[in-house]
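This report concerns only the one structure given below.
The values are calculated or read from the model by the stated rules, or taken from the named source; none is laboratory data. From a predicted model like this one, the values you see are computed outputs, not experimental measurements. Heads up, the Cβs are rebuilt from the backbone with ideal geometry, glycines too, and the neighbour counts pull from every protein chain shown. The accessibility values were calculated without ligands, DNA or RNA, using every heavy atom of the protein model including side chains. Shrake-Rupley method; radii C 1.70, N 1.55, O 1.52, S 1.80 Å.
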Amino acid sequence: MQQETLLTFLLFLHILTARVYSSSSSSEEDEGSSEDKHKESHHGHHWGYTDQKAWASAFQHCNGKSQSPINIDTRTAVHMPRLPSIMLDGYDLTDQPTLTLKNNGHTLVLKLPGSMRIVHGFDEVFIADHLHFHWGTIEEPGSEHTIDTIHFPAEIHVVHYNSKYHNLSEAATMPDGLAVLGAFIGIGLHENDNYEKILSVLTDVSIEESNTQIPGFNVRHLLPNSLDRFYRYNGSLTTPPCFQTVNWTIFNDTIRVSRKQLASLEETLKVDKNHRLNKNFRAPQLLYGRQVQASFSSRPLVKSPRIIPLTESEDSKRDGLTKGDVLAIVFGILFGITVLAFVAYAYQHRKKSSKLSKDPHQNVIYKLATKEEA
Ligand SMILES: *[C@@H]1O[C@H](CO)[C@@H](O)[C@H](O)[C@H]1NC(C)=O
Ligand SMILES: *[C@@H]1O[C@H](CO)[C@@H](O)[C@H](O)[C@H]1NC(C)=O
Ligand SMILES: *[C@@H]1O[C@H](CO)[C@@H](O)[C@H](O)[C@H]1NC(C)=O
Ligand SMILES: *[C@@H]1O[C@H](CO)[C@@H](O)[C@H](O)[C@H]1NC(C)=O
Ligand SMILES: [Zn+2]
């Protein structure tokens, strides 16, 4: 019995040491290998999603160090309580004038009027230019940004340019030129009437370069209900020429469309006559030390008694439980177990010495221990 208690203790100690080791050796950045190829950029080149590595040979910015999309690690995102809230103006369009919806061979684009603006949230007013989508297939979710490495089925981008520039193409080359609002699209039980205003006419734009007119509507309703919870980082266009001029806002709330609506986005549009236009998402790019900010706190308000950081190898920078806290908790538990085991042992030993050794309750210690864990 004594031997087994000692063994258990040693086992705990072993697990503990192994975990502390593995968490301190997994140093953060996934980055590392970067060869700066300074190739000439050529314009008007064809590019596609199947060979994304080739983008940089024709578009040098695609090899930069502030590229988009990225994976958003919710635990390393820095809570910034003072990030200004986003206020939109002019999004509530009337049905006239109509809006142009186009299949440009890379995505589905809805052109937006310059009366739509972000009037609060950035240092300047930003004017809407268009919105577009990224998606995958039924089997493969196709959002560009990922949350803790998880893709969502699709993603909407509303592209705005800084009002101090004349137009999108001029602003796109300026460091403070663009602001893109991004949101994830997931599957819900009900049809989304707002998305249906676009999705119901997809067959009209199934051929590459075709377009159609749709009545104006409240474009605000294509975004999540709450615009208060978002991530912010400095990034780029996610398509060539990959200019690193985008102030990104990725909303925490997701939009829901029905399974059928998502399928229509994934299966209706064509490129090059008869190929399906789908999987039009770029892989997450390296951070190179960039910070991702969050307008909200994702940490639970009450500290959970579970020993979370030990089970997930990672990152010493978090300000939740420190390694010291964790060690204290673990040793506390170990100490408790040892005391419990000792007490139980002493108790049984006393009983044993007063009775005969064929006690039917011999294994009472194990029963106790099992119940404690449940
Ligand atoms: C993005 O917007 C925020 C909020 O106005 C601002 O602090 C930040 O400097 C902007 N980033 C760039 C690259 O302009
Ligand atoms: C954008 O503005 C610039 C500068 O005024 C101008 O030269 C260019 O032709 C404009 N481009 C478009 C597409 O309107
Ligand atoms: C983005 O870049 C601007 C300008 O360099 C900087 O002031 C700002 O802090 C950056 N934002 C983030 C989230 O790193
Ligand atoms: C939204 O935030 C919660 C934590 O507050 C997180 O669990 C969830 O993954 C986030 N979703 C997105 C899409 O960022
Ligand atoms: Zn996009």
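If we only count strands (runs of 3 or more DSSP E) wholly inside segment 61-143, which ones have 3 or more residues that are within 16 Å of ligand 2 (Cβ to nearest atom)?
On the way: elements: 87-89, 99-103, 108-111, 117-120, 126-135.
By residue number, 126-135.
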message = For segment 72-90, check the following and say yes or no: at least one residue is away from ligand 1 (no atom under 16 Å from the Cβ), over 24 Å from Pro284 (Cα atoms) and at pLDDT 95 or above.
response = yes
request  = List every residue pair whose Cβ atoms lie under 7 Å apart, where the two residues are 6 or more positions apart in sequence or sit on different chains, the first residue falls within segment 170-191 and is within 18 Å of Asp253 (Cβ to Cβ), and the second residue, located anywhere, is aliphatic (A, V, I, L, M) and away from ligand 4 (no atom under 16 Å from the Cβ).
outcome  = Val180/Val158; Val180/Val159; Val180/Val246; Leu181/Val158; Ile187/Leu262
query = For segment 151-198, which residues satisfy the criterion of being among the charged types (D, E, K, R), in a helix (DSSP H, G or I) and within 16 Å of ligand 2 (Cβ to nearest atom)?
reply = Glu170
task = Look at Gly121 and say whether it is under 22 Å from Met174 (Cβ atoms) and buried (at least 17 other Cβ atoms within 10 Å of the Cβ).
result = yes
remark   = For segment 251-286, the count of residues that are open to solvent by 40 Å² or more (accessible area, probe 1.4 Å), out of contact with any strand residue (DSSP E or B) (no Cβ under 7 Å at 6 or more places or on another chain) and more than 16 Å from ligand 4 (Cβ to nearest atom) equals 9
task = Run Glu139 past the list (1) closer than 24 Å to Arg229 by Cα; (2) loosely packed, with under 15 Cβ neighbours inside 10 Å and report the number of the one that doesn't hold.
result = (1)
